[in-house]
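Shown next, in C-alpha coordinates, is the structure this report addresses.
The values are calculated or read from the model by the stated rules, or taken from the named source; none is laboratory data. Remember, predicted model here, so these are calculated numbers, not experimental data. Every residue, glycine as well, gets a Cβ built from its backbone with ideal geometry; the counts of neighbours run over all protein chains shown. The area values use the complete protein model at the heavy-atom level, side chains included, leaving out ligands, DNA and RNA. Shrake-Rupley method; radii C 1.70, N 1.55, O 1.52, S 1.80 Å.
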Amino acid sequence: MRRPICLVSVAAATVLLLSACGTEDVGAGGVRSSAVPSTRTQVVDPGKDGVRITSLTLPSASPSPSPSPSRSWIVSADRLPVDSGIVAGFEVTNKSAESLTYTVVITFMSGDAGAVENRTVTVRDVPPGKTVRGTVRAGKLQPSAPRVTQAKVLEVTKVPADEAPAGTGTCPASGIRVSVDRGDAAMGLRVVGLHLANCGERDYNVEGYPLLELLDDDFKRVDGIKVLDGTGGIATGIGRDGPPRPVVLRPGESASASLAWHNTTQAGTAVNVPHVRVRAKAGAAPVTVTPHLDLGTTGKLGVSPWVKG
(Lines give C-alpha, C1' and ligand atoms only; values in the text may rest on other atoms or scores of the structure.)
Protein backbone atom coordinates (compact mmCIF):
# COMPACT_ATOMS: atom_id res chain seq x y z
CA MET A 1 0.00 0.00 0.00
CA ARG A 2 1.37 3.40 -1.00
CA ARG A 3 -0.37 5.54 1.59
CA PRO A 4 -1.69 4.75 5.06
CA ILE A 5 -5.23 6.12 4.81
CA CYS A 6 -8.53 5.15 6.28
CA LEU A 7 -11.62 3.20 5.38
CA VAL A 8 -14.82 1.41 6.23
CA SER A 9 -17.66 -0.23 4.20
CA VAL A 10 -21.03 -0.19 2.52
CA ALA A 11 -23.99 2.10 2.86
CA ALA A 12 -25.94 0.21 5.51
CA ALA A 13 -23.05 -0.68 7.78
CA THR A 14 -23.29 -1.48 11.47
CA VAL A 15 -23.37 1.20 14.17
CA LEU A 16 -20.70 1.64 16.83
CA LEU A 17 -21.94 1.83 20.42
CA LEU A 18 -20.06 3.15 23.44
CA SER A 19 -18.70 1.15 26.40
CA ALA A 20 -15.58 1.42 28.54
CA CYS A 21 -12.42 -0.46 27.54
CA GLY A 22 -9.00 1.09 28.12
CA THR A 23 -7.89 4.70 27.69
CA GLU A 24 -5.87 6.72 25.23
CA ASP A 25 -5.03 10.43 25.17
CA VAL A 26 -5.46 12.10 21.76
CA GLY A 27 -4.80 15.76 20.97
CA ALA A 28 -4.94 17.98 17.90
CA GLY A 29 -3.30 16.61 14.80
CA GLY A 30 -3.05 13.13 16.24
CA VAL A 31 -0.44 14.20 18.85
CA ARG A 32 -0.80 12.59 22.25
CA SER A 33 -1.89 15.01 24.92
CA SER A 34 -2.90 14.79 28.56
CA ALA A 35 -5.42 17.64 28.19
CA VAL A 36 -8.47 15.51 27.37
CA PRO A 37 -8.57 11.89 28.60
CA SER A 38 -10.29 9.52 26.21
CA THR A 39 -11.96 6.12 26.22
CA ARG A 40 -11.26 3.58 23.50
CA THR A 41 -14.01 1.05 22.87
CA GLN A 42 -13.39 -2.26 21.14
CA VAL A 43 -16.20 -3.03 18.69
CA VAL A 44 -17.38 -6.49 17.73
CA ASP A 45 -18.58 -5.99 14.16
CA PRO A 46 -19.08 -8.83 11.65
CA GLY A 47 -18.70 -6.27 8.90
CA LYS A 48 -19.83 -6.30 5.29
CA ASP A 49 -18.01 -6.73 2.02
CA GLY A 50 -14.77 -7.55 3.85
CA VAL A 51 -14.78 -4.33 5.89
CA ARG A 52 -15.45 -3.87 9.57
CA ILE A 53 -15.13 -1.18 12.22
CA THR A 54 -12.93 -2.27 15.10
CA SER A 55 -12.99 0.55 17.67
CA LEU A 56 -14.32 3.96 18.64
CA THR A 57 -12.30 6.43 20.73
CA LEU A 58 -14.17 9.23 22.53
CA PRO A 59 -13.03 11.93 24.96
CA SER A 60 -13.87 10.89 28.52
CA ALA A 61 -16.98 12.47 30.04
CA SER A 62 -16.57 15.58 32.15
CA PRO A 63 -19.02 17.11 34.68
CA SER A 64 -21.82 19.24 33.28
CA PRO A 65 -21.34 22.96 34.09
CA SER A 66 -24.96 22.94 35.36
CA PRO A 67 -25.15 20.37 38.19
CA SER A 68 -28.37 18.45 38.40
CA PRO A 69 -29.75 16.03 41.03
CA SER A 70 -28.80 13.12 38.78
CA ARG A 71 -25.26 14.52 38.25
CA SER A 72 -25.36 13.71 34.54
CA TRP A 73 -22.01 13.64 32.74
CA ILE A 74 -21.52 15.06 29.26
CA VAL A 75 -18.82 15.95 26.79
CA SER A 76 -19.22 19.58 25.78
CA ALA A 77 -17.96 20.36 22.27
CA ASP A 78 -16.78 23.84 23.26
CA ARG A 79 -14.30 22.29 25.73
CA LEU A 80 -12.72 19.94 23.23
CA PRO A 81 -9.37 20.80 21.56
CA VAL A 82 -9.15 21.90 17.91
CA ASP A 83 -9.28 18.21 17.04
CA SER A 84 -12.18 16.60 18.89
CA GLY A 85 -10.17 13.46 19.69
CA ILE A 86 -12.98 11.26 18.30
CA VAL A 87 -11.51 8.40 16.27
CA ALA A 88 -13.02 5.32 14.59
CA GLY A 89 -10.75 2.35 13.86
CA PHE A 90 -11.31 0.08 10.91
CA GLU A 91 -9.99 -2.81 8.93
CA VAL A 92 -10.67 -3.81 5.34
CA THR A 93 -9.97 -7.15 3.71
CA ASN A 94 -9.88 -7.27 -0.07
CA LYS A 95 -11.48 -10.58 -1.03
CA SER A 96 -11.30 -9.95 -4.77
CA ALA A 97 -8.65 -11.13 -7.21
CA GLU A 98 -7.28 -7.64 -7.99
CA SER A 99 -5.98 -4.64 -6.08
CA LEU A 100 -8.72 -2.14 -5.22
CA THR A 101 -8.95 1.45 -4.06
CA TYR A 102 -11.81 2.24 -1.65
CA THR A 103 -13.55 5.56 -1.00
CA VAL A 104 -15.76 5.65 2.08
CA VAL A 105 -18.06 8.14 3.80
CA ILE A 106 -18.26 7.66 7.58
CA THR A 107 -20.86 9.40 9.76
CA PHE A 108 -20.18 10.23 13.39
CA MET A 109 -23.53 10.39 15.20
CA SER A 110 -25.17 11.48 18.44
CA GLY A 111 -27.12 9.21 20.76
CA ASP A 112 -30.34 9.76 18.80
CA ALA A 113 -28.56 8.68 15.56
CA GLY A 114 -28.45 12.22 14.22
CA ALA A 115 -25.45 13.00 12.00
CA VAL A 116 -22.84 15.22 13.67
CA GLU A 117 -19.98 15.02 11.15
CA ASN A 118 -19.29 13.16 7.90
CA ARG A 119 -15.76 12.22 6.83
CA THR A 120 -14.70 10.86 3.44
CA VAL A 121 -11.60 8.69 3.43
CA THR A 122 -9.73 6.80 0.71
CA VAL A 123 -7.73 3.60 1.05
CA ARG A 124 -5.52 3.01 -1.98
CA ASP A 125 -3.99 -0.07 -3.51
CA VAL A 126 -5.33 -2.77 -1.18
CA PRO A 127 -3.82 -6.00 -2.56
CA PRO A 128 -6.01 -9.07 -3.12
CA GLY A 129 -6.32 -11.23 -0.03
CA LYS A 130 -4.75 -8.59 2.23
CA THR A 131 -6.11 -6.73 5.25
CA VAL A 132 -5.43 -3.04 5.87
CA ARG A 133 -6.01 -1.35 9.23
CA GLY A 134 -6.31 2.33 9.98
CA THR A 135 -8.32 5.10 11.64
CA VAL A 136 -10.53 8.02 10.65
CA ARG A 137 -10.87 11.13 12.83
CA ALA A 138 -14.01 13.20 13.30
CA GLY A 139 -11.80 16.30 13.39
CA LYS A 140 -12.92 19.68 14.69
CA LEU A 141 -16.61 19.90 15.68
CA GLN A 142 -18.84 22.96 15.98
CA PRO A 143 -19.18 24.29 19.55
CA SER A 144 -22.92 23.55 19.44
CA ALA A 145 -22.43 19.98 18.21
CA PRO A 146 -24.11 17.28 20.29
CA ARG A 147 -22.05 14.56 21.94
CA VAL A 148 -20.85 11.86 19.54
CA THR A 149 -21.61 8.37 20.85
CA GLN A 150 -21.59 6.20 17.71
CA ALA A 151 -20.50 6.01 14.09
CA LYS A 152 -21.48 4.13 10.98
CA VAL A 153 -20.44 3.75 7.36
CA LEU A 154 -22.71 5.79 5.14
CA GLU A 155 -21.33 4.95 1.70
CA VAL A 156 -18.51 2.98 0.09
CA THR A 157 -17.20 2.70 -3.45
CA LYS A 158 -14.29 0.71 -4.79
CA VAL A 159 -12.53 0.70 -8.16
CA PRO A 160 -9.54 -1.12 -9.66
CA ALA A 161 -6.46 0.40 -8.06
CA ASP A 162 -4.67 1.07 -11.36
CA GLU A 163 -7.69 3.05 -12.64
CA ALA A 164 -8.53 5.00 -9.47
CA PRO A 165 -8.73 8.80 -9.70
CA ALA A 166 -5.62 10.53 -8.39
CA GLY A 167 -5.85 11.87 -4.86
CA THR A 168 -5.93 15.55 -3.98
CA GLY A 169 -2.47 17.05 -4.25
CA THR A 170 -1.07 14.17 -6.32
CA CYS A 171 -0.41 13.97 -10.04
CA PRO A 172 -0.42 10.66 -11.96
CA ALA A 173 2.36 9.71 -14.35
CA SER A 174 0.19 10.84 -17.29
CA GLY A 175 0.19 14.40 -15.94
CA ILE A 176 -3.61 14.47 -16.28
CA ARG A 177 -6.06 14.17 -13.41
CA VAL A 178 -9.64 13.01 -14.16
CA SER A 179 -12.47 13.43 -11.65
CA VAL A 180 -16.26 13.62 -11.40
CA ASP A 181 -18.39 16.01 -9.34
CA ARG A 182 -21.60 15.33 -7.42
CA GLY A 183 -23.77 16.90 -10.12
CA ASP A 184 -27.18 18.57 -10.19
CA ALA A 185 -30.70 17.20 -10.30
CA ALA A 186 -34.03 18.74 -11.28
CA MET A 187 -37.37 17.16 -12.26
CA GLY A 188 -35.87 13.84 -13.32
CA LEU A 189 -32.96 15.44 -15.20
CA ARG A 190 -29.50 14.55 -13.93
CA VAL A 191 -26.24 16.26 -14.90
CA VAL A 192 -22.75 15.49 -13.59
CA GLY A 193 -19.47 17.03 -14.63
CA LEU A 194 -16.29 15.30 -15.73
CA HIS A 195 -13.17 17.32 -15.02
CA LEU A 196 -9.78 17.10 -16.70
CA ALA A 197 -6.86 18.91 -15.06
CA ASN A 198 -3.33 19.24 -16.42
CA CYS A 199 -1.17 18.75 -13.33
CA GLY A 200 1.92 17.91 -15.39
CA GLU A 201 4.66 20.01 -16.92
CA ARG A 202 3.65 19.88 -20.61
CA ASP A 203 0.73 21.09 -22.68
CA TYR A 204 -2.05 18.53 -23.15
CA ASN A 205 -4.27 18.49 -26.25
CA VAL A 206 -7.80 17.10 -26.48
CA GLU A 207 -10.56 17.48 -29.03
CA GLY A 208 -14.02 15.99 -29.11
CA TYR A 209 -15.85 13.95 -26.51
CA PRO A 210 -14.65 11.92 -23.53
CA LEU A 211 -14.48 8.22 -24.37
CA LEU A 212 -16.73 6.32 -21.98
CA GLU A 213 -17.32 2.72 -20.98
CA LEU A 214 -20.29 2.07 -18.69
CA LEU A 215 -19.62 -0.54 -15.98
CA ASP A 216 -21.67 -2.47 -13.40
CA ASP A 217 -20.75 -3.26 -9.78
CA ASP A 218 -18.37 -5.99 -10.95
CA PHE A 219 -16.74 -3.65 -13.51
CA LYS A 220 -18.35 -5.51 -16.39
CA ARG A 221 -19.53 -3.57 -19.43
CA VAL A 222 -23.19 -2.46 -19.39
CA ASP A 223 -24.77 -2.83 -22.83
CA GLY A 224 -28.00 -1.44 -24.24
CA ILE A 225 -27.35 2.24 -23.39
CA LYS A 226 -27.09 4.69 -26.28
CA VAL A 227 -24.34 7.24 -25.64
CA LEU A 228 -25.15 10.46 -27.54
CA ASP A 229 -22.67 13.03 -28.79
CA GLY A 230 -23.99 16.15 -27.11
CA THR A 231 -26.64 16.66 -24.46
CA GLY A 232 -29.27 18.26 -26.72
CA GLY A 233 -30.96 14.88 -27.17
CA ILE A 234 -31.52 14.77 -23.40
CA ALA A 235 -32.53 18.37 -22.62
CA THR A 236 -31.89 21.91 -23.80
CA GLY A 237 -30.15 24.63 -21.86
CA ILE A 238 -27.61 22.39 -20.16
CA GLY A 239 -24.86 24.55 -21.69
CA ARG A 240 -21.40 23.94 -23.13
CA ASP A 241 -22.86 21.78 -25.88
CA GLY A 242 -21.53 23.36 -29.06
CA PRO A 243 -19.46 21.53 -31.67
CA PRO A 244 -16.17 20.01 -30.47
CA ARG A 245 -13.16 22.30 -30.69
CA PRO A 246 -9.46 21.72 -30.12
CA VAL A 247 -8.51 22.33 -26.49
CA VAL A 248 -4.94 22.99 -25.36
CA LEU A 249 -4.43 22.68 -21.62
CA ARG A 250 -1.27 24.30 -20.36
CA PRO A 251 0.09 23.18 -16.98
CA GLY A 252 -2.40 24.17 -14.29
CA GLU A 253 -5.33 24.55 -16.69
CA SER A 254 -8.45 22.38 -16.84
CA ALA A 255 -11.38 21.36 -19.04
CA SER A 256 -14.77 19.86 -18.33
CA ALA A 257 -17.57 17.90 -20.00
CA SER A 258 -21.09 17.02 -18.90
CA LEU A 259 -22.99 13.75 -18.62
CA ALA A 260 -26.78 14.21 -18.81
CA TRP A 261 -29.69 11.78 -18.54
CA HIS A 262 -33.26 11.35 -17.37
CA ASN A 263 -33.92 8.89 -14.57
CA THR A 264 -37.60 8.43 -15.42
CA THR A 265 -38.96 4.89 -15.23
CA GLN A 266 -41.75 3.63 -17.47
CA ALA A 267 -42.17 0.23 -19.09
CA GLY A 268 -39.15 -2.01 -18.81
CA THR A 269 -36.34 -2.53 -16.33
CA ALA A 270 -34.53 0.45 -14.86
CA VAL A 271 -30.77 0.52 -15.48
CA ASN A 272 -28.22 1.68 -12.90
CA VAL A 273 -24.62 2.27 -13.90
CA PRO A 274 -22.41 2.79 -10.83
CA HIS A 275 -19.07 3.17 -12.63
CA VAL A 276 -17.80 4.86 -15.79
CA ARG A 277 -14.38 4.18 -17.27
CA VAL A 278 -13.17 7.46 -18.79
CA ARG A 279 -10.45 8.12 -21.34
CA ALA A 280 -9.74 11.77 -22.05
CA LYS A 281 -8.97 10.82 -25.65
CA ALA A 282 -7.97 7.79 -27.69
CA GLY A 283 -4.85 6.18 -26.22
CA ALA A 284 -5.17 7.95 -22.85
CA ALA A 285 -4.88 5.97 -19.63
CA PRO A 286 -8.33 4.93 -18.31
CA VAL A 287 -9.70 6.32 -15.06
CA THR A 288 -12.76 4.75 -13.42
CA VAL A 289 -15.09 7.18 -11.66
CA THR A 290 -18.31 6.44 -9.76
CA PRO A 291 -21.10 8.89 -10.67
CA HIS A 292 -23.93 6.37 -10.00
CA LEU A 293 -25.94 6.88 -13.19
CA ASP A 294 -29.55 5.95 -12.41
CA LEU A 295 -30.68 5.88 -16.05
CA GLY A 296 -34.21 4.67 -15.43
CA THR A 297 -35.71 3.09 -18.56
CA THR A 298 -34.70 5.85 -21.00
CA GLY A 299 -31.65 3.97 -22.31
CA LYS A 300 -29.82 7.20 -23.24
CA LEU A 301 -26.85 9.17 -21.93
CA GLY A 302 -25.77 12.51 -23.40
CA VAL A 303 -22.14 13.62 -23.34
CA SER A 304 -20.92 17.14 -24.10
CA PRO A 305 -17.48 17.81 -25.65
CA TRP A 306 -14.48 18.91 -23.63
CA VAL A 307 -14.52 22.68 -23.02
CA LYS A 308 -11.66 24.62 -21.50
CA GLY A 309 -12.18 26.17 -18.08
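How about the stretch 157-189: which of its residues are open to solvent by less than 30 Å² (accessible area, probe 1.4 Å), part of a strand (DSSP E or B) and over 19 Å from Tyr209 (Cβ atoms)? Thr157, Val159, Pro160 - these are the residues of the stretch 157-189 that are open to solvent by less than 30 Å² (accessible area, probe 1.4 Å), part of a strand (DSSP E or B) and over 19 Å from Tyr209 (Cβ atoms). Take the residues in the stretch 190-230 that are over 28 Å from Lys158 (Cα atoms) and part of a loop (DSSP other than H, G, I, E, B), then tell me which one is least open to solvent (accessible area, probe 1.4 Å). Ranking the candidates gives Gly208 first. Screening Pro143 on (1) touching a helix residue (DSSP H, G or I) at 6+ places or on another chain (Cβ under 6 Å); (2) farther than 26 Å from Thr57 by Cβ; (3) surrounded by fewer than 17 Cβ atoms within 10 Å (Cβ to Cβ) shows it passes everything except condition (2). When the stretch 213-244 is filtered for residues that are more than 21 Å from the chain's Cα centre (by Cα), closer than 22 Å to Thr288 by Cβ and of a type in the set (A, V, I, L, M, F, W, C), the ones remaining, listed by number, are Val222, Ile225, Val227, Leu228. The criterion of being under 24 Å from the mean Cα position of the chain (by Cα) and assigned to a strand (DSSP E or B) holds for Leu295.
Within the stretch 259-285, being in a loop (DSSP other than H, G, I, E, B), touching a residue at least 60 places away in the same chain (Cβ under 8 Å) and over 14 Å from Trp306 (Cβ atoms) holds for Asn263, Thr264, Pro274, Ala285. Take Pro146 and tell me if it is part of a loop (DSSP other than H, G, I, E, B) and farther than 28 Å from Gly85 by Cβ. So Pro146 fails the test.
Of the residues making up the stretch 94-119, those that are surrounded by fewer than 18 Cβ atoms within 10 Å (Cβ to Cβ), out of contact with any helix residue (DSSP H, G or I) (no Cβ under 8 Å at 6 or more places or on another chain) and either modelled with pLDDT under 90 or assigned to a loop (DSSP other than H, G, I, E, B) (or both) are Lys95, Ser96, Ala97, Val105, Ser110, Gly111, Asp112, Ala113, Gly114. In the stretch 85-100, the residues that are free of Cβ contacts under 8 Å to residues at least 24 places away in the same chain form no Cβ pair under 7 Å with any partner that is surrounded by fewer than 21 Cβ atoms within 10 Å (Cβ to Cβ), whether six or more places apart or across chains. The criterion of being farther than 25 Å from Asp181 by Cα, small (Gly, Ala, Ser) and over 13 Å from the mean Cα position of the chain (by Cα) does not hold for Ala138. Candidates in the stretch 231-258 are the residues that are in a strand (DSSP E or B) and touching a His at 6+ places or on another chain (Cβ under 8 Å); of these, the one that is least open to solvent (accessible area, probe 1.4 Å) is Ala255.
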